[in-house]
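First the structure, in the form of structure tokens, and then the observations on it.
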Amino acid sequence: MESFKGRVWIVILLSEQALASGPMFPKFYEVTTEIGMPHLEENLRYATTRETSCLKGFDPLAFPMLKHEALQGCHLQYDKHRDETISYALICVGPQGATGDAQWQIDSNQIRGTLNVKLGGKNMTFYQRITATQVGECVPPVSLP
């Protein structure tokens, strides 16, 4: 129930911001996703992907790592909102003992999120960072005759 309240709160906050600066969605975004694992050797520490996508709304659960089997039983729970930053706690049930948090920063043309995770028994830490920068309008698909 708490996470539902958090999502409703986010929609209200984003709606107020969108009214002030123009609608953020749907828009075409360049999305960069970076994973960092500081405990690995230098050449294995980072992985980055880039794509462009028409985003139709804000999803606080957009971190791909949340779908990984190591984080099964984990979810983000709304924590607080301050200025342009929305914070979440990573809540996990089960034997993996993972802990962490996530922050989203939202301004008029960019969304930045960072998920920080510490896996319990392995003492392994990593982060996943998503940066989505608005680059234009969504183009409807062209249908061929």
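Read the figures in this text as sums done on the coordinates, not as results from a lab. Predicted model only: the values in this text are computed from it and were never measured. In this analysis, Cβ positions are derived from the backbone assuming ideal geometry, glycine residues included, and neighbour counts consider all displayed protein chains.
Stretching the chain fully between Ala89 and Glu34 yields a gain of 17.8 nm (0.36 nm per residue, less the alpha carbon separation). Put simply, when 76-83, 44-51 are sorted by average Cβ atoms within 10 angstrom per residue, most first, you get 76-83, 44-51.
Each residue, Thr52 and Lys80, gets one label point 7 Å from its Cα in the Cβ direction; the gap between the two is 3.9 nm. Reported to the nearest whole Å, the Cα centre-to-centre distance from the stretch 103-145 to the stretch 69-95 is 15. Each residue of the stretch 138-145 was assigned a 3J(HN,Hα) from its phi angle through the Karplus expression (A = 6.51, B = -1.76, C = 1.60, θ = phi - 60°), giving 5, 9, x, x, 8, 9, 8, x Hz with x at Gly and Pro.
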